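Written below as structure tokens is the structure these notes are about.
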Protein chains: 2
Amino acid sequence: MNDVIKLLTSHRSVRKFEARELPEGLLETLIKAGQAAATSSHIQAYSVIRVKNPSSLEKLVELTGGQPYVASCSEFLVFCADMKRPLEAAARTGEDVVSGMTEQLLVATVDVSLMAQNVVIAAESEGLGICYIGGIRNNPQAVSELLELPKHVYPVFGMCIGYPAHEPDIKPRLPVDAVLKVDSYRDDETQVAAFDSTMHAYYQSRKGGNKDANWSQNLTPLFNQKLRPHMRDFLIEKGFTMK
Amino acid sequence: MNDVIKLLTSHRSVRKFEARELPEGLLETLIKAGQAAATSSHIQAYSVIRVKNPSSLEKLVELTGGQPYVASCSEFLVFCADMKRPLEAAARTGEDVVSGMTEQLLVATVDVSLMAQNVVIAAESEGLGICYIGGIRNNPQAVSELLELPKHVYPVFGMCIGYPAHEPDIKPRLPVDAVLKVDSYRDDETQVAAFDSTMHAYYQSRKGGNKDANWSQNLTPLFNQKLRPHMRDFLIEKGFTMK
């Protein structure tokens, strides 16, 4: 296993950070590394808001569901799918442009995700730790107002970056043969059952406190209710009308 | 700049591959590196179909718009957003589950993208080249039938992996200060104008043949028509009903 693959497989989310700034210029280097990721038709449908204002950070702690590391990390970034820039660039060539296609929502969501993951790898290669903040979608309208996000731009996730002040365990993943299938889809119920045992054992022995649960049980609260039911109307209001 | 960041910033899409297989076990290592990426609430909402069957590969060349490297690369993978596995796992705990939420479409699309980008970095760290194939969404219904993708699973993109048989130029990216904004969104029309000049110069001088175009002009055909207008109905039919 080469050093890059070792780095990739040593990822864990970091939620406690040293009170320490990034060296001058490093954040820009990380973002450039992010931009080097593949982008659909070179569209680069993303913008990143670096939140520095302390009152905005405090507000974001609250809007993301009370995650204090949003304000205590060294850099808090909001990754946005941005169709405004390419739509306007295309329109400036004098053509009528079409917005709101479902395909455009997918392209922008994938584009910003690939870019963000490169930022993560670059950050971790510099000894930094990160945590994605999906909670940015808890109150996307309020986040959009706070960060003045215009139409055709939506906040996909946040990211905390900083120097780790703890060493969380690496969480197990599904067996590779559940995820990787040959030539056609096949069910993976057997592998999931095995993984439920793996996760139960992990939760019993992990450093951060044991709990009596497995993977399937942990997923249940995500699906036995309508999680973030506002996303549809929010996206439509933002011009991602899913035509 | 450390070696990992050098690797990240040297990415370019590869579309010509040596007729050479990956060493035994490497693909599994790449997928495991992919799985190590962050995943929303540990949901791991992805499956990857490794297409080995030569007649399926030929069919996929056609379905993705006639891209021959889909069949001539060493490994062709179809990355799928997979909500079937977590939905069924949650249902097996005895609860009624909710599917089709827009939020679930986003979570699964982000999850598979983060995972895929880790696969890319792992592959490139081993001297491999890759090309994402968004053309998998040209005919997603036919792709789904070919790969027997069930409900709650949709093909997001393909990926060609293999040993590069050419050395494409690295394509420029938007200026970092267009993408990275502080505290609030601001327009980047000036930076886009500068980038149009950068891209015009790039197209005039690149190895692969010059063309008289800039970034905005290249984007126009993506927006002056309804690109992949079938995606909405296809997703709904697949159980991603965008509620």
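Summary table below
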item	result
Test: residue in region A:1-18 that is at pLDDT below 95 and over 21 Å from B:Val110 (Cα atoms)	yes
Residues that are more than 7 Å from chain B (Cβ to nearest Cβ) and of a type in the set (Val, Ile, Thr), drawn from region A:5-40	A:Val14, A:Thr39
Cross-chain or 6+ apart pairs with Cβ under 6 Å, region A:222-243 first and at the interface with chain B (Cβ under 7 Å from one of its Cβ atoms), then open to solvent by 30 Å² or more (accessible area, probe 1.4 Å) and at pLDDT below 95	A:Asn224/B:Glu95
Any hit, region B:153-162, residues being facing another protein chain (nearest Cβ under 7 Å), buried (at least 16 other Cβ atoms within 10 Å of the Cβ) and in a helix (DSSP H, G or I)	no
All positions within region B:196-218 that are out of contact with any His (no Cβ under 8 Å at 6 or more places or on another chain) and within 9 Å of chain A (Cβ to nearest Cβ)	B:Asp196, B:Met199, B:Ser216, B:Gln217
Any helices (runs of 4 or more DSSP H) falling wholly within region A:171-243 and containing at least 1 residues that are farther than 22 Å from A:Thr109 by Cβ and open to solvent by 10 Å² or more (accessible area, probe 1.4 Å)	A:176-179, A:189-205, A:215-223
Test: residue in region B:83-93 that is more than 8 Å from chain A (Cβ to nearest Cβ) and either touching a strand residue (DSSP E or B) at 6+ places or on another chain (Cβ under 6 Å) or among the hydrophobic types (A, V, I, L, M, F, W, C) (or both)	yes
Qualifying residue in region B:177-198 (condition: touching a residue at least 24 places away in the same chain (Cβ under 8 Å) and within 20 Å of the chain's Cα centre (by Cα))	no
Counted residues, region B:84-100 - those being in contact with a Leu (Cβ under 7 Å, 6 or more places away or on another chain) and either open to solvent by less than 10 Å² (accessible area, probe 1.4 Å) or not assigned by TED's automatic domain parsing to the domain that holds B:Ser10 (or both)	3
Filter pass, B:Val143 being more than 10 Å from every other protein chain (Cβ to nearest Cβ), open to solvent by less than 10 Å² (accessible area, probe 1.4 Å) and either out of contact with any Leu (no Cβ under 8 Å at 6 or more places or on another chain) or part of a helix (DSSP H, G or I) (or both)	yes
Tally, over region A:116-136, of residues that are part of a helix (DSSP H, G or I) and open to solvent by 10 Å² or more (accessible area, probe 1.4 Å)	3
Condition broken by B:Gly100, with the remaining ones in (1) under 27 Å from A:Phe79 (Cβ atoms); (2) more than 8 Å from every other protein chain (Cβ to nearest Cβ); (3) in contact with a Phe, Trp or Tyr (Cβ under 6 Å, 6 or more places away or on another chain) satisfied	(3)
Residue satisfying all of: in region A:101-115; hydroxyl-bearing (Ser, Thr, Tyr) and within 14 Å of the chain's Cα centre (by Cα); surrounded by the fewest Cβ atoms within 10 Å (Cβ to Cβ) among these	A:Thr109
Any hit, region A:41-58, residues being more than 8 Å from every other protein chain (Cβ to nearest Cβ), closer than 23 Å to B:Gln225 by Cβ and crowded, with 18+ Cβ neighbours inside 10 Å	yes
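The values are calculated or read from the model by the stated rules, or taken from the named source; none is laboratory data. Keep in mind it's a predicted model, so treat the numbers as computed, not measured. All Cβ positions, even for glycine, are placed from backbone atoms using ideal geometry, and neighbour counts span all protein chains on display. Note: areas computed on protein heavy atoms with side chains; ligands, DNA, RNA excluded. Shrake-Rupley method; radii C 1.70, N 1.55, O 1.52, S 1.80 Å.
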